[in-house]
């Protein structure tokens, strides 16, 4: 049975755990690996970020990403790009319709090739550019707004997800069986990487962030780490005191008794 997310509390989240403890406690539920044994999550928790508005450096990264998206889609329809196609299949497997609910990388690629990517702030601009350049879903969350460790599981349908509808704050609930990221207060991202909660979203003042890089076959681990390098290199250049931790979570080898379950 999928494990339900804890009942959300109306209280503000307690101060987040230091990055090493938070990532050590992060887990992917076995029900998610049963759905997609090829799934991997590269988690990056960093602190010491110097926040800044969009600038020439982040604009250049977005322009490079936009150009790359246009070139890619001139040759191949977006839904036939290998990693996008894999994510569309994964969405179908838990009952979502990829034509209506687009995975985050497909949505960004379409936007980059058409009207261009949004300019939000330097941190958001950076991870959007890396997501498009490497054609993988990449989410960013404010580390200080996390309550407990991140967990990826299949929803019961009772979990709370705070969002906005027509400018009004509201609470929704995921569909039963939907793949969700959550912490101790509720859902932080619906449908694997479709829509992030308002509570943990990055802001113009974020100094600590959790980045989640999602991968399915045919994307290889070395491509996942290359995307991480392209994310961390500018961050380190912009933030002299940047520090943090990375952790790659993948399905444990059932034939290897020395390989403990991720969800243990």
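Couple of notes before you dig in:
- Cα gyration tensor shape for segment 23-113, rounded if a/c is under 1.5, else prolate or oblate: oblate
- Where only C-alpha atoms are counted, convex hull volume of segment 19-250 per residue in Å³: 117 Å³
- Note on the chain: helix-only mean residue ellipticity at 222 nm, from DSSP H runs of 4+ residues weighted -39500 (n - 2.57) and normalised by residue number, equals -10000 deg cm²/dmol.
- Extension reserve of the residue 248-residue 70 stretch, reckoned as 0.36 nm per residue once the Cα distance is removed: 61.0 nm
- Rg/Rh (Cα only; Kirkwood hydrodynamic radius) as it applies to segment 116-233: 0.97
- Shape of segment 114-164, Cα gyration tensor, a/c cut at 1.5: prolate
- Alpha-carbon centroids, segment 95-110 and segment 174-207: separation in whole Å: 16 Å
- Gyration tensor (alpha-carbon) shape descriptor, segment 197-252, a/c threshold 1.5: oblate
- Calculated FRET efficiency for the pair residue 168/residue 220, C-beta based, R₀ 45 Å, to 0.05: 0.55
The numbers here are math on the coordinates, done by the rules we state, and not lab data. The shown structure was predicted, so the numbers you read here are calculated from the model rather than taken from an experiment. Methodologically, a virtual Cβ is constructed for each residue, glycine included, from the backbone with ideal geometry; neighbour enumeration extends over all protein chains shown.
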